[in-house]
Structures are given as C-alpha cells and as structure tokens.
Amino acid sequence: MMNPIELKKAVGSGLLSFPVTHFDDQLKFDEAKYRRHVEWLSGYDAAALFAAGGTGEFFSLNPAEIPQVVRAAKASAGKTPIISGTGYGTSLAIEIAVAAEKAGADGLLLLPPYLMFAEQAGLIAHVKAVCQSVGIGVIVYNRDNAILSADSIARLAEECPNLIGFKDGVGDVDKVIEITTLLGDRLVYVGGMPTHEVYAQAYFAAGVTTYSSAVFNFVPALAQRFYGALRTGDQATVDEILKGFFFPFVALRNRKKGYAVSIIKAGLRVLGQNPGPVRPPLTDLTQDELALLEKIVQANGVTRIAAE
C-alpha cells in the first residue's frame, strides 16, 4: 500500500477513473468479470482507480461487499493505486474504512453521509474521525449534503495529516478557487462533477487539473485523448470531442434520474462486455436508449471489443 504522500502524488499525476461494479443476473458481485475489467482499465494509464465509488454503486453495496471489491481490484490493477469508497454515518464510515484498509486499499474517498444535513462542526468531526481511524490517505468529497467550507477544509488539513485530497462535486467554481488558493499544494484537487469532462476547462482554470472520468470505463482511449488535449491546450481536439461525444452523451444521460451510473454500464454492453444490471433503485437504459448510445460511440470511432 502507498503511504499518504505517495498517494497524493499519484492522484495528481494523471486521469482518474472509478470502475463499475459487476453483478450477475441475481445481482451478486461477479468478481471474475470485475477483475477482468479492472485489469483491462489498468492498461490505459489511469493515475488511480476508485473501487466501490459512486459509479461503482457504493450506495448499493453492503459493508461486507466493499472489502471484497477492494481486494479484487488490488489483485487485478497491477501498480495502479486503488482508492476505496467509504461513507454513511460516522460509525459505519469508520467500519468500512478500516475494512478497506485491511483489504489493501491505498486510500479512501469519503462520500457524503447518509441523508442528514449538518453544520460545519459536525462535518469536521465526521471527516476527522474517519481520517483518524486509518493510516492511509483520505480524499474528502464535497457534494450534496456534505459541503465543507474553505475554513473547514483548512482546519481538517491541519489536524489530519492523512487528509491528502479534496474532490468537488458541487460545481461552484468560485468556492473551489477559494479552497485551492487557501490550501495551495497541501492537498491534491480532484474534479468530481457527473461527466466531469464538460466542466473540466473551468476547473482547470481554478487549479483543479485532474478529475475522475466515468466514461473511462468503456472509452478509455478517448478519455485519455481528451485529458491529454486539455493538459496541452489543444483546444481544437477538446472542442471536437465535446461536440462529437460528450454533449450528445450528456443529453442521453440526462433523460432519467440515476442514468449517470446506468449509462456507464450500458456503454460496456455497447462494446460487447457484460457488467450486469444496476442494482435497484437504479434502472437500466431501455433498448432504444442503448441503440442511441451505440450510435454515439460508433460515431467517435470506438469499435466493439471482444465479448467476455
């Protein structure tokens, strides 16, 4: 496992992604297919992979399944760091964090707690308790009902040496600029908006030069090409991929609630892989929507890969 400083450096070095979690027809974790998928992704130079993250349906996994997913990812990812999701209430988040660390996770992504909105003091206590329960690096995810202020992030960075990263899923770029300006290089900053590629240029200007790519699951070469164009200032390529792939992809994603996850599994089906269905309460794309997604993928020169 990486120490927190090594993980921070690795996360900031390139594009990130979070593999979908494969299920069989009975909605049980399909470890064999998941391991093949992680092994395939690790060949496309992701800086780190988030196992059991949001796109990995963390919210539908029970606490005993999360270390299983982490162990499978670690066994298949080669040298690619594996960051496990954790979350819910403080006690359960600690339980998951400790189990993930024992399973070999290099770090943790702390997702928002379940349901409740809380004051800054409560959110600080929550993040601090999780950080203090493990020795591996922790990235806090600002999103939904867990939005930490710049001052709160600064306090946590001072009190928690293993807090190594801040991921934003809110979209208030002015707040992100305040955090990156106040904290400087104390943390690594990760973009975490749904289909973050359409927000990436604004975030780059705010000092957030890496992000987690969901589409990396099924078009990793395209995702890396887009990321490379952003990093090198190749605006023509950025615009081409936005117009040809991401804008029509987002329009399809926005048709129904929960499709931010469902459409990624659908993308793998389009390419001939079978990640299994999403777990309820999510729903899978319809056949007509699958056909539309296939047209988007084919229009961007992505061919089917060998069916598993």
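Every read-out reported here was derived from the displayed coordinates using simple, explicitly stated rules and does not represent laboratory data. Computed from a prediction, not measured in an experiment: that's the story for all the values here. FYI the Cβ positions are ideal-geometry reconstructions off the backbone, even for glycines, and counts take in every protein chain you see.
Here are the numbers for this structure:
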{"quantity": "Hits in region 223-249 - residues which are among the aliphatic types (A, V, I, L, M) and either within 17 Å of the chain's Cα centre (by Cα) or surrounded by fewer than 14 Cβ atoms within 10 Å (Cβ to Cβ) (or both)", "calculated": "ALA223, ALA236"}
{"quantity": "Residues that are within 20 Å of the chain's Cα centre (by Cα) and β-branched (Val, Ile, Thr), drawn from region 100-152", "calculated": "VAL127, VAL130, ILE136, VAL138, ILE139, VAL140, ILE147"}
{"quantity": "Identity of the residue in region 21-63, outside any helix (DSSP H, G or I), in contact with a Pro (Cβ under 9 Å, 6 or more places away or on another chain) and among the polar types (S, T, N, Q), that ends up surrounded by the fewest Cβ atoms within 10 Å (Cβ to Cβ)", "calculated": "THR55"}
